[in-house]
Amino acid sequence: MAMFINQLRQALRRLGRAPMFTAITLLTLAIGVGANTVIFSVIEGVLLKPLPYPHADQLIGVWHTAPGINIKDLNMAPSIYFIDREQSTTLQDIGVYDGDAVNITGTGQPEHLRGLDVTDGTLPLLGVTPALGRLFTRKDDTAGSPETILISYAYWQQKFGGASSVIGSSINVDGRTRQIIGVLPRNFHFLDMPDAAIVMPFQWDRSKVKLGNFSQRALARLKPGVTMQQASADMARLLPITFRSFPAPEGFSVALFQKANISPNLRPLKKDVVGDIDKVLWVLMGSIAMVLLVACANVANLLLVRVEGRRQELAIRAALGAPWKRTAAELLFESLLIGLSGSLIGLGLAYAALRALVAAAPTGLPRIHEIGIDLNVLLFTLGLALFTSLLIGAIPVFKYAGVKATTGLREGGRALSQSRERHRARKALVIVQVALALVLLICSGLMIRTFQALMHVDTGFTSPDTLQTFRFYIPETQIPDTQPDRVVHQQQEIADKLAAIPGVTSVSFSNAIPLDGYDTNDILYAQDHTYAEGELPPIRRFKFISPGYLATLGTHLVTGRDITWDDTYNKHPVALISENFAKEYWHTPQSALGKMIRVASTDPWREVIGVVQNVHEDGVDQAAQSTIYWPVMMDNFEGQKTELRRGVAFAIRSPRAGSQAFMNEVQQQVWSVNSAVPLADPTTLGELYTKSMARTSFTLVLLCVAGAMALLLGIIGIYGVIAYTVSQRTREIGIRMALGAQRSQLTSLFVRQGLALTAIGAACGLIVAFVTMRLMSAILFNVSPVDPLTYIVITAGLVATAYLACYLPSRRAATINPVNALRSE
């Protein structure tokens, strides 16, 4: 212990004598270690940590695939759920869930809250224990039973003050009185869905369920010892039973579902929660790890310079009999002290960064509530600290721990030129820095090119920041289904009121706004197309729009005409189609006009009256869906007598969009028509567009920061090598100048030396980038991972920056006084 304390005092004394060196090395390592700790914390919380439910390894996401209609991931249908739950031999239980939104009325100002619809077995599958009351039972989830709900802990505290008397009380949800039977536990998060304030049972009537309606998601728990392959075979066995047990919807046939070739497509539930974010996170982890390596190379270079200044001291120790092991231990102890101290500072920076990250909750980053610094992260940081300590201390130890007494004692004059051997390690470190910096810069350049490609995609809508949207739902308790015209009249009246607001140029409504996550899809038949036996037409995106919707969004009508109010109220059999669908079936938009399309065999054929510009409904990085635009009210659609959209999204074009004052005026105008319904999800299309780009933006920012850090450290390394070389070759420079060397020649000598190191590093970096950048292909858009323009521009920029880093210290060689240089010994 006394020896340890003595070594610690000596190391601290040496570091204290060089405060600039100490500050730079600690800050460099802190940034590198802190950045790696942040990314590892995200990876550990999102990818590595099991889901926070009992026996999470038994939980699976239940999906299907339908190659007959070209659907890779098909949701759950009520008919399949009932048969799976009743007859499966491999599942403990299966539950179905779906996001919802509800309106709470009768207790002051109407509220719009997030909701969650579940079957009675869904929450028990996740091991949920209510904070108060009970969960749903089979009776609660049976059609015709009294309507019950669960509420979240946060809503219980906010609305009811945490009173236990809430159990048994009732609230009005979407015009229906529902009894509160339980409160969900504090901090409960259902998978990675937005936290719901209200949870309701589906209450499907089994006797009325038909095939189809693949609109919900499902999860299940495997029985102990059952594999996913066994469960998949079991559920595949049950699908034919499903087709025999339930009738097809009106206008469809059981054969249609059989031709779709539906089969189970099971996966770990964790995959449903995480999605495909793993590719992005591992790319970021690799990039930040490269930054740490660059930082270590930089610090190792500084330590080399520092140890070189102690060569005489080390030589004297060797002459006095000090063993090389003791010298090596001393050098390693100092590097360990630097590495641990820098890592500790980095851990503090990581803690602050993670708190900011969780508070910001970037869109597209799942399990955000589970990200933090836990024992695994601390162990990772400790391992990183030891690794960096050994890495930065290894080179000085290998070069100088065994220095011979005669070697060091003969090098007393500071004017003596250093040998090539003494330069070799520092040059090698600079080459490594340049190579890694180039790889990171190319990675950043590819993401910049991806972002540019995304920004130049024709979205199918214009000026999204000036388009205000909100959702509005007219419940059946206000206007019954027997009076569909009244619903549309009220929606039109609201649109007219909104159009009268100063600054508003147009108003319309639809079942969905681009990028808002609402979608409806189904197959579509064309009258003049025949289908082979067993063949089904592909799935198409359906949108239900009011007249003027296209003009409000800035979506061009390629040819034909728009849907009118006369078409809507008189229920004319008309439709619009997207340009890509028109070209797929009829080669040109003009040829599509007058063609007839329908969904179910009992539907009337509907005339294509217009062709619409393609719209990227799901994001600019996703292909534009083939879309059919229907009126908001129709007769005999999809086998139903009346098609009516009670829940619609209003779109308001105004330069005032996005301001709270504007939304206050909007709310007053809506409530002047119907004051019993709240406005839901107010936002702008610009905000939705920004969220759709969030993952790309997040990746771009982190990669650019990593690239900039690596470039800065690499350039500092080059600058340091050249500056140190100039300072150590003062006598040689003086001799050269005395013999007639021009100042420009001396400057060029050192610039060439720096550029040679840069060239070698760049060549190595290009080789590494060419091999590894293919790993980025999954997160690139319309950009090749070996894009030549990116490689050329980034390499040229790096060389130009390196030239400046070489030129600035090289100018010092030209300012040296040869007389003073020759006198120096």
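Of all the criteria given as (1) surrounded by fewer than 22 Cβ atoms within 10 Å (Cβ to Cβ); (2) in contact (Cβ under 8 Å) with a residue 24 or more places away in the chain; (3) not in a helix (DSSP H, G or I), the one not satisfied by Ile94 is (1). For the residues Asp621, Asp681, the requirement of being open to solvent by 10 Å² or more (accessible area, probe 1.4 Å), within 26 Å of the chain's Cα centre (by Cα), touching a residue at least 24 places away in the same chain (Cβ under 8 Å) and on the phi < 0 side of the Ramachandran plot singles out Asp621.
Each row is one residue, and each column tells you yes or no for (1) surrounded by fewer than 17 Cβ atoms within 10 Å (Cβ to Cβ); (2) in contact with a Ser or Thr (Cβ under 9 Å, 6 or more places away or on another chain); (3) modelled with pLDDT under 95.
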residue	(1), (2), (3)
Asp496	yes, no, no
Val504	no, yes, no
Val507	no, yes, no
Ser510	no, yes, no
Asp528	yes, no, yes
Pro537	no, no, yes
Arg540	no, yes, yes
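Is it the case that segment 427-439 has a residue that's within 45 Å of the chain's Cα centre (by Cα), modelled with pLDDT of 90 or more and basic (Lys, Arg)? No, segment 427-439 contains no residue that is within 45 Å of the chain's Cα centre (by Cα), modelled with pLDDT of 90 or more and basic (Lys, Arg).
Do we have Lys159 as more than 20 Å from Gln216 (Cα to Cα), open to solvent by 30 Å² or more (accessible area, probe 1.4 Å) and of a type in the set (D, E, K, R) here? The answer is yes for Lys159. Only one of the numbered conditions (1) touching a residue at least 40 places away in the same chain (Cβ under 8 Å); (2) surrounded by 18 or more Cβ atoms within 10 Å (Cβ to Cβ); (3) on the phi < 0 side of the Ramachandran plot is not met by Gly460, and that is (3).
Within segment 268-278, restricting attention to residues that are surrounded by 15 or more Cβ atoms within 10 Å (Cβ to Cβ) and of a type outside the set (A, V, I, L, M), the residue that is nearest to Phe214 (Cα to Cα) is Asp272. Any chance segment 209-216 includes a residue that's within 30 Å of the chain's Cα centre (by Cα) and not in a loop (DSSP other than H, G, I, E, B)? Looking through segment 209-216, at least one residue is within 30 Å of the chain's Cα centre (by Cα) and not in a loop (DSSP other than H, G, I, E, B). A count restricted to segment 602-618 and to residues that are closer than 20 Å to Leu536 by Cα and assigned to a loop (DSSP other than H, G, I, E, B) stands at 4. Would you confirm, using the coordinates I've provided, whether Ala526 is among the aliphatic types (A, V, I, L, M) and under 18 Å from Thr683 (Cα atoms)? The answer is no for Ala526. Taking (1) out of contact with any strand residue (DSSP E or B) (no Cβ under 9 Å at 6 or more places or on another chain); (2) charged (D, E, K, R); (3) touching a residue at least 40 places away in the same chain (Cβ under 8 Å) in turn, Asp516 satisfies each apart from (1).
Residue-by-condition table, conditions (1) within 23 Å of Leu59 (Cβ to Cβ); (2) at pLDDT 95 or above; (3) crowded, with 19+ Cβ neighbours inside 10 Å; (4) polar (S, T, N, Q):
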| position | (1), (2), (3), (4) |
| --- | --- |
| Val173 | no, no, yes, no |
| Thr177 | no, no, no, yes |
| Ser207 | no, no, no, yes |
| Asn213 | no, no, no, yes |
| Ala220 | yes, yes, yes, no |
| Gly225 | yes, no, no, no |
| Ser232 | yes, yes, no, yes |
| Gly251 | no, no, no, no |
| Ala255 | no, no, no, no |
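Entry remark, segment 48-82: residues being among the β-branched types (Val, Ile, Thr), in a helix (DSSP H, G or I) and surrounded by fewer than 22 Cβ atoms within 10 Å (Cβ to Cβ) number 1 in total.
The values are calculated or read from the model by the stated rules, or taken from the named source; none is laboratory data. Since this is a predicted model, take the numbers as computed values, not measurements. Note that each Cβ is placed from the backbone with ideal geometry, even for glycine, and that neighbours are counted across all protein chains shown. When the accessible area is computed, the model is the full protein with side chains, heavy atoms only, and any ligands, DNA or RNA have been set aside. Shrake-Rupley method; radii C 1.70, N 1.55, O 1.52, S 1.80 Å.
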